[in-house]
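A short worksheet on the structure shown next.
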Amino acid sequence: MSKWRRLLLVNLTAPVAALVFAFAVSSIALLISGNSPITAFARMWEFGTRLDSIVSMVNKAVPLYLSALAVAIGFKMGLFNIGVEGQYRLAAVVAAAAGAAVTLPAPLHILLIIAVAMAVGGVWSGIAGLLKVTRGVHEVISTIMLNFIAFNLGAYLFSNYFRERAEEGGAGVQIPKTPEIPESGRFPSLNPLVEAFGFELRPGLSLQGFVIIAIIVGILYWLVVNRTRFGFDLRASGINAPAAQASGVNAKRMVVRAMVLSGAVAGLVGLSPLLGFFYRYTLDFETGLGFTGIAVALLGRNHPAGMALGALLFGFLSRSSQILDLEGIPPEVVVIVQGVVVLSVVVAYEVVERMVRRQEARAASQVMGDQPQGPAPAEAAT
Amino acid sequence: MTDSAPAIELQGITKRFPGVIANEDVTLDIRRGEVHAIVGENGAGKSTLMKILYGMQPPDEGTIRLDGAEVEFRSPKDAIAAGIGMVHQHFMLAEQLTVLENVILGSEPTTGPRIDLRQARRRIQELGDRYGMDVDPDVLLEELEVGQRQRVEIIKVLFRGAEILILDEPTAVLVPQEVEELFKNIRELTEQGETVVFISHKLDEVLEIADRITVMRQGRTVATVAPDEVTSRELAELMVGSELPTPDTRQTQAGEHVVLSLEGATVREGPRTTLDAVDLTLREGEIVGVAGVEGNGQAVLIDVILGLKELAEGRVRYGDQDITDWATRRRREAGIAYIPEDRHHEGLLLPQPLWENTFLGHQTDPELTRGQWLRPDAARRRTETIIQRYDVRTPGVDVAAHALSGGNQQKYIIGREMVAEPALLIAAHPTRGIDVGAQAAVWDLIRQARDDGLAVLLVSADLDELIGLSDRLSVILRGRLVAELDPSVVTPEELGAHMTGAAVEDSP
């Protein structure tokens, strides 16, 4: 079987089947709750494909995609970084404070904020890596624990050091927030691009420019994982750790490097809303992106394109579900779709993968044919 | 010892797997009280046949008769109930339990809700007396040696009332002395009326122990013969269907240049000294064999040379450099090649295509990489070379490694190591689990490596292989090199005696 056919078969059959299954399950849930699935999905589609919704979908997908990439880096070497949640939230708080504290020319200012966020995420995740190689603490345990520490450390720093003082914040009761990042530290939106195509966005809505960073990180991820020695060592360690070690990979160093890299990418997760929309960290800064990122990584099988589609799907679902409330349909049905699709896609991949593997073995055994002394002139030539 | 209806009669058994016919029209009769050997290469269908007989898989076609009555097994439970017991090649025992606990596990005799240990102990004692297999029921399994463990497995099967015992490659893990012991047990069993089905590919053993031998080839039974009718060579030719080579004749000149030397290499793991003051020298153009019962430090020795385990004492020298503190990668870059004992465990990335596997162990090879960047095109070219030069049968370089047969995987690994032009080759059990045809090819490749001037360290459990290939032979026992033997005069029995420590003092 050709490489491409295999790729197509595995990577499309499974998610499509899973998606169909997920919608079927959600339809049943809708029927049970006395709603028409056809109406619900029709309304979602109609609302979700409007221009505003598409822009919003992309904006929602960007942090999810970065989060998935962070998780996938760990997955590639068999490490389960559950700590993306804590890493990005701590990184966002510190980066917001750092961004507001300095004034630099625009590109430098943004780069500084990005560097701070990546450093915080990387260090935080690196702690889990170090604990694993020095003390044998499983990264699932340590990253979960580090999440709690990160939430509280973030809250402490926020309320004691980073929070904007009331007298600077103007009149009235306000929710706590960090000082605003000046213009030079904000990521430009892509609205001019949208308008160049002749579309008009409603005021207050913008296509966040950070999507460019997400795409670049996605491409870098693919290149590093598939085309560099580091990526090979990473994957080899994930697929077969003893073989990797015998081949010369320093397992301990690899664990730390992978965790730091994963955390550094996790640090980027919060920057899209921070630099493109809020310009400050507030108490209602978006949470849960790290955990959803795990689902997206599973959905996209750690493949940069697959995860992009997964992130867009999740973005679409969460945006289009907003219409359901207006129709009196519980929007939680979307959570069912998300949950079922992740579970069933994992199963579906495994099933399809096995089918392909069996087919490959068959093809190979045909070539190997009647060994050991079989003349097999045709095959010998290939 | 024979009477009218055979104990087991298989007729027209056929079993297909997707793309493979594992058994085709297999016919076999096993008489009560005989030792019936089933021989064949790996992949000849022995295991499938036994799984069918033991109820682990249903046949697609054909019938099984026990004492003339047709039976159908849905699970091993049915087979056990019918008096068939299986002793697996890989023991199904719990190390942390006693012999008694292991034996009764899953079929505990009870009085009310309690396990009747006294009854269990009595029955084990009885079985031991009856079949001449004495094992202390109260000793922990982890304290037993391999041969004794195997006896526990046999008692376990007898405890469940088996009258027909299937022994799957029972000698694979034993040294010659233990094999003798096992054969004594088998004879005892058949004298007491038990029937033994003995699966093996070691022909000398089969000729010694079996009353009748059935040969399988490519899923079919090709012949059933009595041991006094055939020689082991004829048997082997029945197995492969052609003439076959042997590991023989050396005509080597070991060079003067020392490639690798260990000086007092000592490894401690916890309280145990797993490698004890080992001195070893390898020169260019020679194969040094290391013989030993598994678990006596061979693996540690290899890890030390590869830099995977740290030395507590001693030095490792490679050429004129002291590499004791070198990381694994640096050693591999310097030309240490490795054919691992378990290719799935240490040698391959099974789900990855062959061309990606070519990077494994050669991630820094300047031909395959440019700085930090991999060069897939170069890896594909090299993989093509390996496939051609080392006769790897595969549909192409994009095939995942798991799709290849064991022999082809091994040829690929050897090729991958050899095309990088190493100076030292470490070969651990290079022919384990591959068929006779590929085995000969692997032996040739190792000999070729030696003739090309490499120093080769050969660790193996196959004594014929060690004697046939090695220029010098060392025996490792409890982490120490206890004897150096001349492979041109030593016999497998002598070697076995050294391996078990029975002959430490009177070595030549």
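Summary of computed values
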| read-out | value |
| --- | --- |
| Single residue of the stretch B:288-309 satisfying the filter (touching a helix residue (DSSP H, G or I) at 6+ places or on another chain (Cβ under 6 Å) and among the small types (Gly, Ala, Ser)) that is farthest from B:Ser470 (Cα to Cα) | B:Gly307 |
| Checklist (1) closer than 20 Å to B:Gly147 by Cβ; (2) in contact with a helix residue (DSSP H, G or I) (Cβ under 6 Å, 6 or more places away or on another chain); (3) surrounded by fewer than 17 Cβ atoms within 10 Å (Cβ to Cβ) applied to B:Pro109, failing item | (1) |
| Some residue of the stretch A:306-315 being closer than 25 Å to A:Val123 by Cβ, surrounded by fewer than 24 Cβ atoms within 10 Å (Cβ to Cβ) and away from chain B (no Cβ under 13 Å) | no |
| Any hit, the stretch B:61-74, residues being within 28 Å of B:Ile434 (Cα to Cα) and in contact with a Leu (Cβ under 8 Å, 6 or more places away or on another chain) | no |
| Among (1) crowded, with 20+ Cβ neighbours inside 10 Å; (2) at pLDDT 90 or above; (3) within 24 Å of the chain's Cα centre (by Cα), the one test that B:Lys184 misses | (1) |
| Number of positions in the stretch B:308-325 that are surrounded by fewer than 18 Cβ atoms within 10 Å (Cβ to Cβ) and not in a strand (DSSP E or B) | 6 |
| Subset of the stretch B:76-106 (residues that are exposed (fewer than 13 other Cβ atoms within 10 Å of the Cβ) and small (Gly, Ala, Ser)) | B:Gly106 |
| Out of B:Ala455, B:Ala483, B:Ala449, sole residue that is farther than 24 Å from B:Val267 by Cβ and either buried (at least 20 other Cβ atoms within 10 Å of the Cβ) or more than 14 Å from chain A (Cβ to nearest Cβ) (or both) | B:Ala449 |
| Selection from the stretch A:214-229 of residues that are under 26 Å from A:Gly270 (Cβ atoms) and either of a type outside the set (Gly, Ala, Ser) or facing chain B (nearest Cβ under 7 Å) (or both) | A:Ile215, A:Ile216, A:Val217, A:Ile219, A:Leu220, A:Tyr221, A:Trp222, A:Leu223, A:Val224, A:Val225 |
| Checking B:Glu95 against (1) outside any helix (DSSP H, G or I); (2) within 21 Å of B:Ala162 (Cα to Cα), the condition it does not meet | (2) |
| Selected residue (criterion: nearest to the other protein chains (Cβ to nearest Cβ)) from residues of the stretch B:400-413 that are touching a Lys or Arg at 6+ places or on another chain (Cβ under 8 Å) and assigned to a helix (DSSP H, G or I) | B:Ala403 |
| Filter result for B:Asp342 (more than 8 Å from chain A (Cβ to nearest Cβ) and crowded, with 16+ Cβ neighbours inside 10 Å) | no |
| Single residue of the stretch B:348-358 satisfying the filter (buried (at least 24 other Cβ atoms within 10 Å of the Cβ) and either touching a strand residue (DSSP E or B) at 6+ places or on another chain (Cβ under 7 Å) or more than 7 Å from chain A (Cβ to nearest Cβ) (or both)) that is farthest from B:His429 (Cα to Cα) | B:Glu356 |
| Matching option when the condition is closer than 30 Å to B:Gly335 by Cα and either more than 14 Å from chain B (Cβ to nearest Cβ) or in a helix (DSSP H, G or I) (or both), among A:Leu234, A:Leu261 | A:Leu234 |
| Any hit, the stretch A:82-96, residues being among the polar types (S, T, N, Q) and touching an Asp or Glu at 6+ places or on another chain (Cβ under 7 Å) | no |
| Condition check for B:Ile426: part of a loop (DSSP other than H, G, I, E, B), within 12 Å of another protein chain (Cβ to nearest Cβ) and at negative phi | no |
| Residue ID - farthest from the other protein chains (Cβ to nearest Cβ), chosen from residues in the stretch A:237-258 that are under 20 Å from B:Arg375 (Cα atoms) and in a helix (DSSP H, G or I) | A:Ser237 |
| Qualifying positions in the stretch B:366-389 - facing chain A (nearest Cβ under 7 Å) and either of a type in the set (A, V, I, L, M, F, W, C) or in a helix (DSSP H, G or I) (or both) | B:Trp373, B:Leu374 |
| Long-range neighbours under 7 Å by Cβ, at least six apart or interchain, first residue without any contact (Cβ under 8 Å) to a residue 24 or more places away in the chain and within 11 Å of A:Met44 (Cβ to Cβ) within the stretch A:317-331, second among the polar types (S, T, N, Q) and part of a loop (DSSP other than H, G, I, E, B) | A:Pro331/A:Ser321 |
| Lone unmet requirement of (1) buried (at least 18 other Cβ atoms within 10 Å of the Cβ); (2) in contact with an Asp or Glu (Cβ under 9 Å, 6 or more places away or on another chain); (3) facing another protein chain (nearest Cβ under 10 Å); (4) in contact (Cβ under 8 Å) with a residue 40 or more places away in the chain for B:Gln363 | (4) |
| Test: B:Ala400 is modelled with pLDDT of 90 or more and more than 21 Å from the chain's Cα centre (by Cα) | no |
| Lone qualifier among A:Ile110, A:Ile127 - being free of Cβ contacts under 8 Å to residues at least 24 places away in the same chain and β-branched (Val, Ile, Thr) | A:Ile127 |
| Single unsatisfied condition, B:Arg450 versus (1) modelled with pLDDT under 90; (2) over 19 Å from the mean Cα position of the chain (by Cα) | (1) |
| Selected residue [closer than 24 Å to A:Pro331 by Cβ and either part of a helix (DSSP H, G or I) or not hydrophobic (A, V, I, L, M, F, W, C) (or both)] from A:Ala68, A:Ala17, A:Ala92, A:Ala96 | A:Ala68 |
| Among the candidates B:Val397, B:Val392, B:Val442, residue that is part of a helix (DSSP H, G or I), in contact with a Lys or Arg (Cβ under 9 Å, 6 or more places away or on another chain), surrounded by 19 or more Cβ atoms within 10 Å (Cβ to Cβ) and within 13 Å of chain A (Cβ to nearest Cβ) | B:Val442 |
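The values are calculated or read from the model by the stated rules, or taken from the named source; none is laboratory data. This structure is a prediction, so every number in the text was calculated from the model and none was measured. Glycine gets a Cβ as well: all are built from the backbone with ideal geometry, and neighbour counts include every protein chain shown.
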